[in-house]
1. Report, by residue number, each residue of region 415-436 that is touching a helix residue (DSSP H, G or I) at 6+ places or on another chain (Cβ under 6 Å) and closer than 20 Å to residue 356 by Cβ.
2. Take the residues of region 174-196 that are farther than 23 Å from residue 54 by Cα and assigned to a helix (DSSP H, G or I): which is modelled with the lowest pLDDT?
3. Are there helices (runs of 4 or more DSSP H) fully within region 212-330 with at least 1 residues that are under 27 Å from the mean Cα position of the chain (by Cα) and surrounded by 18 or more Cβ atoms within 10 Å (Cβ to Cβ)? List them.
4. Test residue 50 against the criterion of being modelled with pLDDT of 95 or more, in contact with a strand residue (DSSP E or B) (Cβ under 6 Å, 6 or more places away or on another chain) and surrounded by 20 or more Cβ atoms within 10 Å (Cβ to Cβ), and give yes or no.
5. Suppose we keep only residues that are at pLDDT below 95 and under 25 Å from residue 50 (Cα atoms) within region 389-414. Which one would you say is surrounded by the fewest Cβ atoms within 10 Å (Cβ to Cβ)?
6. Evaluate region 345-356: report whether one residue or more is assigned to a helix (DSSP H, G or I) and more than 28 Å from residue 64 (Cβ to Cβ).
7. So which residues in region 53-91 are over 20 Å from residue 134 (Cβ atoms) and touching a strand residue (DSSP E or B) at 6+ places or on another chain (Cβ under 8 Å), if there are any at all?
8. Of the numbered conditions (1) at pLDDT 95 or above; (2) surrounded by fewer than 24 Cβ atoms within 10 Å (Cβ to Cβ); (3) within 26 Å of residue 327 (Cα to Cα), residue 426 satisfies every one except a single condition; which is it?
């Protein structure tokens with residue numbers, strides 16, 4: 001028994017020696033870390049996984065003026081944070097679920113669904129400052145030690161190149177992005193980010209009352225058990241009445257004297273001007289969300305009606321055109337699908353699904369060169385099994401078996417029991433027999 005306890009003691013001692021302690025740059029606390037990630041590694045992870053995360057959240061919301069405004073607010077807060085030297089990047093992603101997320105290295109996004117619900121710039125500052133605090137306190141990096149996150153992260157760090165834009169590195173970056181987006185912060189991490197975020201707001205001359213208003217709004221939403229909020233913000237950022245009370249007490253005790261000081265503003269007018277177009281399109285996106293639900297319920301005809309209604313209400317929105325185009329494609333109305341997908345790409349060429357849909361239309365119509373162009377772009381933006389399979393098919397039909405063969409093999413390996421994987425294995429075998437490709 002004594003030998004057993006001694007063995008455990010020496011094992012734990014060895015782990016501590018190997019792990020060492022890391023100092024939290026925001027709090028100054030020493031933290032046990034079994035893998036100490038340096039700043040250069042944080043930056044690399046953010047750079048590799050952020051584009052994939054944005055694609056998974058339906059791409060950028062295409063409004064250059066609003067994007068510039070969001071970045072301006074974010075940088076105003078970032079420069080007074082504990083890590084102002086990071087290359088911060090702030091994006092508005094076109095997802096209806098109310099949420100915000102931060103990746104290592106200062107990559108931060110807020111969803112359309114959350115921004116449209118806010119009322120002033122101070123509330124926006126409260127959201128962004130909270131996410132900045134997750135970065136400065138290295139919460140995302142800490143969470144990477146859980147489950148598969150560390151393993152995937154180390155694979156991304158270990159590969160500078162992947163032999164192709166949709167090779168191993170791209171897939172790993174996509175897996176990491178998905179894992180980080182679904183990673184849940186602890187109550188202590190949330191409380192720490194709340195406190196730091198409020199401090200950053202005040203340093204940037206925002207009224208901390210915006211944080212109090214935001215917490216009250218979250219409390220109202222949490223009580224109503226609305227699915228969008230439960231599946232979005234509250235899934236990854238746990239909320240409670242106690243957390244709201246703690247933050248209210250913190251603001252009152254630490255910053256009560258400045259709540260009525262006009263030097264600390266709410267920015268209501270600037271916010272209203274910047275978000276006017278976004279709020280105008282809110283009803284169209286409500287129709288889009290209902291259309292997606294009908295499509296998921298196999299009511300394609302009903303979905304198309306709602307997609308059309310959404311596009312008519314806000315014709316300049318790329319994602320609405322993508323939704324209608326993809327639904328028409330599924331309904332085998334290829335000419336009409338091409339019309340809406342082309343408009344989506346004209347408005348915003350950087351979203352993988354519209355590029356994929358257009359590539360598929362050209363594939364069906366026998367235009368292999370154009371199919372290849374759009375499918376390659378789709379795979380560059382976000383590698384998918386479907387994208388890889390149909391790109392391989394475009395290569396094969398365009399007399400490029402040497403390019404088709406390795407792609408089919410990738411799909412077969414990734415989806416051995418699925419319909420795409422089995423079809424890909426069969427086509428790879430056919431190419432190998434006919435052309436001797438290995």
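1. Filtering region 415-436 for residues touching a helix residue (DSSP H, G or I) at 6+ places or on another chain (Cβ under 6 Å) gives 415, 420-421, 424-425, 427-428, 431, 435.
Answer for region 415-436, where residues must be touching a helix residue (DSSP H, G or I) at 6+ places or on another chain (Cβ under 6 Å) and closer than 20 Å to residue 356 by Cβ: 415, 420, 421, 424, 427.
2. In the first step, residues of region 174-196 are kept if they are farther than 23 Å from residue 54 by Cα; the result is 186-189, 191-192, 194-196.
Subsequent filtering for residues that are assigned to a helix (DSSP H, G or I) retains 187-189, 191-192, 194-196.
Working: 187: 84, 188: 89, 189: 89, 191: 92, 192: 94, 194: 94, 195: 97, 196: 97.
Within region 174-196, the match that is modelled with the lowest pLDDT is 187.
3. 227-231, 233-236, 241-255, 268-274, 282-296, 300-313, 318-330
4. On the way: modelled with pLDDT of 95 or more: no; in contact with a strand residue (DSSP E or B) (Cβ under 6 Å, 6 or more places away or on another chain): yes; surrounded by 20 or more Cβ atoms within 10 Å (Cβ to Cβ): yes.
For residue 50, the condition - modelled with pLDDT of 95 or more, in contact with a strand residue (DSSP E or B) (Cβ under 6 Å, 6 or more places away or on another chain) and surrounded by 20 or more Cβ atoms within 10 Å (Cβ to Cβ) - is not met.
5. 414
6. First, pick out the residues of region 345-356 that are assigned to a helix (DSSP H, G or I): 345-347, 352-356.
Adding the requirement that they be more than 28 Å from residue 64 (Cβ to Cβ) leaves none.
The answer is no; no qualifying residue exists.
7. As a first pass, look at region 53-91 and keep what is over 20 Å from residue 134 (Cβ atoms): 55, 58-69, 72.
Hits for region 53-91 are 58, 59, 60, 61, 63, 66, 67.
8. Failing condition for residue 426: (3).
The values are calculated or read from the model by the stated rules, or taken from the named source; none is laboratory data. None of the values given here were measured: they were computed from a predicted structure. All Cβ positions, glycine included, derive from the backbone under ideal geometry; neighbour counts span all protein chains shown.
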